[in-house]
1. Please verify whether region 301-311 includes one or more residues that are assigned to a helix (DSSP H, G or I), out of contact with any strand residue (DSSP E or B) (no Cβ under 6 Å at 6 or more places or on another chain) and under 30 Å from residue 441 (Cβ atoms).
2. Going residue by residue through region 73-81, is there one that turns out to be crowded, with 18+ Cβ neighbours inside 10 Å, out of contact with any helix residue (DSSP H, G or I) (no Cβ under 8 Å at 6 or more places or on another chain) and assigned by TED's automatic domain parsing to the domain that holds residue 128?
3. Go through region 88-98 and report how many residues are surrounded by fewer than 19 Cβ atoms within 10 Å (Cβ to Cβ) and in a loop (DSSP other than H, G, I, E, B).
4. Regarding region 490-503, can at least one residue be identified that is part of a helix (DSSP H, G or I) and loosely packed, with under 13 Cβ neighbours inside 10 Å?
5. It is to be established whether one or more residues within region 374-383 are modelled with pLDDT under 90 and not assigned by TED's automatic domain parsing to the domain that holds residue 296.
6. All but one of (1) in contact with a helix residue (DSSP H, G or I) (Cβ under 7 Å, 6 or more places away or on another chain); (2) touching a residue at least 60 places away in the same chain (Cβ under 8 Å) hold for residue 188; state the number of the condition that does not hold.
7. Got a sec? Which of 335, 293 is assigned by TED's automatic domain parsing to the domain that holds residue 229, surrounded by fewer than 17 Cβ atoms within 10 Å (Cβ to Cβ) and part of a helix (DSSP H, G or I)?
8. Any residue in region 450-460 that is closer than 14 Å to residue 381 by Cα and assigned to a helix (DSSP H, G or I)?
């Protein structure tokens, strides 16, 4: 297909404005072989014929454009973000982006020739340079691309208004690609929402357990001390999980255990002890009682030299089982706003993620292991339906009644030659692990090997037999046990205990004070809203609602400032869910004065319910702090610091 000089200038103008460098280069080099340009008498009548099957982008270009514009102007006028599959002739997007409410328009395309042709005909330079029009090549999209798009502020904020539209019926041919794209976007939005939390009760339970465990954390080794003092001691780390394939790797692991850093999941620890394979680190993530059973044993001298790492939220019984057998353990946290409020940075650093393997991978990275090897990381069912090795203390099946396991969810197998059964939770684990590996690969410092030799394929890893990798990388013994990591001295511990007690007591007072202030600010809003049903005049009612919206905005601004102090942990999930739901009201496009009134009414009502929930949550935080501060007070008393505790309580 040939273009004139002006069209080539226009194409270059569009290309230079495109922010996607990979797509830019592809479009420059791309030859147009599959499409024929068809121009009608009307300047808007731009169509393409697919020469492979003699199909057209549009059956009636002008009519289809008018229908789409009518629909979007009526239903989706206030949507700040819109998503389309297929670039089409681009005219629809030029029209939609003239709407001041449309901030971003996202287009996914498989047939890049279409974009190249249209770039010769229409000027998108302003829309592209201002990121109002975002183009993605569906052929090369990776998990990280979905995550970056969906986590961006406006896209995330309006995630609950997301839907994917075809720019024309021509694209129905890509049915499977469209479904896959839609699933990946929806899943990414869901995962990001989960990162913010979706359960305030869970957050409150976390605060309770954290405050209860606080004296234990402060009197044991800070995680950051471990990272500083143990960095660069070994080039290779082996991360051991308890997928069904683990058993076949144990002989090789035992042979090479002294030549690499061994990082074990808590569930692997009893299995390794049985085979006399000493790990250097044992990590535990879950805060439920059953997890404590992994440590309900006494392996005597075997535990010497092992550091057990668990979270600040761990179950009290896990701590008791670690203590009673004199194990060397520490507590650390990740993404915990209340711990940040207490200024406990030296105890932070655990990697984000949903499984203990994610924590282990983070530890391997932070200790600067150049080579990181996974074994037992199946993330899928074995051929016999088992989920764990035979020696797992909870048995080798997820569910004792295997007939209830459907095995209907599939994933690509190790080796890439077939699909194997998995489950939703493991898929989430795999996705997060792949995200971490992708980020590590970007640094070009770390190489991650999947030596599980079974289970699911983990993208970003090098798949090789475990024995072969060990023979290649592990040539000499390490000096083990690694050097001891020192605890904080007694004076520093005392200082932290008192500082935390002061901050917790201050937070209790903040809860009391803000509850009163919130109630006082909201009383007149509640009263005015309750009197609305007595107002029959629509204009008068609208004036009241406008006043209430202004007052609500004042309270929200105040709340934003207060949350940053010490309420984030408790209120973040509530606030995130509220804002996501509020976006659904924001995009409603009223057609009549009655519609506008009802939209404002719903807006105010939702905020009133939100403020009531905020009050309840702050009250619950106050109660959680008061009820769980006792272990800290007991620790202060044992250390003869009671007089300082009294001074803190009596301070105004």
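1. Checking region 301-311: not a single residue is assigned to a helix (DSSP H, G or I), out of contact with any strand residue (DSSP E or B) (no Cβ under 6 Å at 6 or more places or on another chain) and under 30 Å from residue 441 (Cβ atoms).
2. yes
3. Looking only at that region, the number is 1.
4. yes
5. Checked region 374-383: at least one residue is modelled with pLDDT under 90 and not assigned by TED's automatic domain parsing to the domain that holds residue 296.
6. Here residue 188 clears every test but (2).
7. Result: 293 is the single residue among 335, 293 that is assigned by TED's automatic domain parsing to the domain that holds residue 229, surrounded by fewer than 17 Cβ atoms within 10 Å (Cβ to Cβ) and part of a helix (DSSP H, G or I).
8. If we filter region 450-460 for residues that are closer than 14 Å to residue 381 by Cα, which is where we start, we get 452-457.
Next, from what is left, pick out any that are assigned to a helix (DSSP H, G or I): none.
Checked against the condition, which is being closer than 14 Å to residue 381 by Cα and assigned to a helix (DSSP H, G or I), region 450-460 yields no hits at all.
The values are calculated or read from the model by the stated rules, or taken from the named source; none is laboratory data. This one's a predicted model, so the numbers in the text were calculated from it and none came from an experiment. Because the Cβ atoms are built from the backbone with ideal geometry, glycine has one as well, and the counts that use them run over all protein chains shown.
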